[in-house]
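Worksheet for the structure shown next.
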Amino acid sequence: MMRTLELAGVQVPVIGQGTWRMGENRDRRKGEVAALREGIERGLCLIDTAEMYGEGGAEEVVGEAMAGKRDQVFLVSKVYPHNASRTDVAAACERSLRRLGTEHIDLYLLHWRGQHPLDETVEAFERLREQGKIGRWGVSNFDLDDLQELVEPACATNQVLYNPEERGVEFELLPWQQRQNMPLMAYCPLGQGGALLADAALQRVAQRHGVTTAQVALAWALRQPNVLVIPKASDPRHLAENAAAAELQLSADDLQMIDSAYPAPTRKQRLQMV
């Protein structure tokens, strides 16, 4: 049974499925749908997507993958900042619902902060919640000052870039969210471009445990309380590895080895995003 944490009032698996770069190529669509469906079967039932991904294409892939399985999925999607005005959020949400083939998004996020006042976006999110279009709402790519300006207890999560290469959030953002009991959703937990997974330190730790470097990277992020990860995988073998990573416990020696290669931040850093 997959380890869980509470997100938006629901127990969800600490490892979900990301969909960035899905829905961009028709030739890959069948495989993407199959991968998401297999992930659901393996207990990776939190699926994260966004209207930005493939300009709606990823939401269509998710919709196809959820067909007949909607009640098994905790669905997260995100709205573009330019659609986050008091009037435009509703229309953007309707488009997402249509592409996803559902009447309800479990958690709806502001993808990053834009020019529209936060109170307008929150008002629009609350209206969607009252209408039953969304279950809860949250944000993505918000640094601590943004969250403190938001001062909104209804905000269910903050989704940010977090992996051994990008540890800046550990200095103040992650501790603050943990004190507020606000889960952090880590995107790109396996890094970008593959350099992290080829790192010698992660390889040594992986060899100790008889696992892959991807599993080590996921377990590293999950060592933190109230963190969940949303890696993307389109290979059945990788899906199985991801699902198993929730049970991997890294030792103090393992963590020290990773710290030596990727030191923890000693000062405030600008929030990184992709």
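The values are calculated or read from the model by the stated rules, or taken from the named source; none is laboratory data. This structure is a prediction, so every number in the text was calculated from the model and none was measured. Please note: Cβ atoms are built from the backbone with ideal geometry, for glycine as well, and neighbour counts cover all protein chains shown. Each accessible area value is taken on the protein alone, full model and side chains, heavy atoms only, with ligands, DNA and RNA left out. Shrake-Rupley method; radii C 1.70, N 1.55, O 1.52, S 1.80 Å.
Looking only at residues that are polar (S, T, N, Q) and under 22 Å from the mean Cα position of the chain (by Cα) in region 86-103, which one is least open to solvent (accessible area, probe 1.4 Å)? It would help to see each step written out before you state the result.
Looking only at region 86-103, we keep the residues that are polar (S, T, N, Q), and these are 87, 96, 102.
When the remaining residues are screened for being under 22 Å from the mean Cα position of the chain (by Cα), the result is 96, 102.
Details: Ser96: 0, Thr102: 24 Å².
Ranking the candidates gives Ser96 first.
For region 23-34: of the residues being in contact with a helix residue (DSSP H, G or I) (Cβ under 8 Å, 6 or more places away or on another chain) and more than 27 Å from Met1 (Cβ to Cβ), which is surrounded by the most Cβ atoms within 10 Å (Cβ to Cβ)? Only one residue fits best here, namely Gly23. Residue check: Ala91 meets all listed conditions (1) over 20 Å from Thr157 (Cα atoms); (2) touching a residue at least 12 places away in the same chain (Cβ under 8 Å) but one, namely (2). Taking region 141-191 as the range and being outside any loop (DSSP other than H, G, I, E, B), acidic (Asp, Glu) and at pLDDT below 95 as the test, only Glu149 passes. Within region 52-85, the set of residues being among the charged types (D, E, K, R) and either under 14 Å from the mean Cα position of the chain (by Cα) or open to solvent by 10 Å² or more (accessible area, probe 1.4 Å) (or both) comprises Glu55, Glu60, Glu64, Lys69, Arg70, Asp71, Lys78. Take the conditions (1) closer than 22 Å to Pro231 by Cβ; (2) out of contact with any helix residue (DSSP H, G or I) (no Cβ under 9 Å at 6 or more places or on another chain); (3) surrounded by fewer than 19 Cβ atoms within 10 Å (Cβ to Cβ); Arg37 misses just one of them, which is (2).
Checked against (1) more than 16 Å from Gly191 (Cα to Cα); (2) without any contact (Cβ under 8 Å) to a residue 60 or more places away in the chain, Trp220 passes all but a single condition, namely (1).
Residue-level check: of (1) under 22 Å from Leu190 (Cβ atoms); (2) free of Cβ contacts under 8 Å to residues at least 60 places away in the same chain, Glu152 misses just (1).
Per the conditions (1) in contact with a Gly (Cβ under 7 Å, 6 or more places away or on another chain); (2) under 15 Å from Val139 (Cα atoms), the sole criterion not satisfied by His104 is (2).
The residue of region 104-115 that is nearest to Leu161 (Cα to Cα), among those that are surrounded by fewer than 19 Cβ atoms within 10 Å (Cβ to Cβ) and either more than 19 Å from the chain's Cα centre (by Cα) or among the charged types (D, E, K, R) (or both), is Arg113. Checked against (1) assigned to a helix (DSSP H, G or I); (2) open to solvent by 30 Å² or more (accessible area, probe 1.4 Å), Gly194 passes all but condition (1). Only one of the numbered conditions (1) open to solvent by less than 40 Å² (accessible area, probe 1.4 Å); (2) part of a loop (DSSP other than H, G, I, E, B); (3) of a type in the set (Val, Ile, Thr) is violated by Ile258, and that is (2). Inside region 32-59, residues that are touching a residue at least 40 places away in the same chain (Cβ under 8 Å), under 13 Å from Arg99 (Cα atoms) and either among the basic types (Lys, Arg) or part of a helix (DSSP H, G or I) (or both) make up a count of 2. The listed residues are Ala233, Ala244, Ala217, Ala240, and the only one of them that is in a helix (DSSP H, G or I) and open to solvent by less than 30 Å² (accessible area, probe 1.4 Å) turns out to be Ala217.
Can you give me the number of residues within region 9-22 that are out of contact with any helix residue (DSSP H, G or I) (no Cβ under 8 Å at 6 or more places or on another chain), within 24 Å of Tyr53 (Cβ to Cβ) and either open to solvent by 20 Å² or more (accessible area, probe 1.4 Å) or of a type in the set (Lys, Arg) (or both)?
Going residue by residue through region 9-22, those that are out of contact with any helix residue (DSSP H, G or I) (no Cβ under 8 Å at 6 or more places or on another chain) are 9-13, 16, 18.
Subsequent filtering for residues that are within 24 Å of Tyr53 (Cβ to Cβ) retains 10, 12-13, 16, 18.
From what's left, either open to solvent by 20 Å² or more (accessible area, probe 1.4 Å) or of a type in the set (Lys, Arg) (or both): 10.
Residues that pass the stated criteria total 1.
Only residues that are out of contact with any strand residue (DSSP E or B) (no Cβ under 7 Å at 6 or more places or on another chain) and among the small types (Gly, Ala, Ser) were counted in region 104-150, giving 3.
Comparison of Leu118, Leu150, Leu174, Leu128 shows that the only residue that is more than 21 Å from His82 (Cα to Cα) and not hydroxyl-bearing (Ser, Thr, Tyr) is Leu174.
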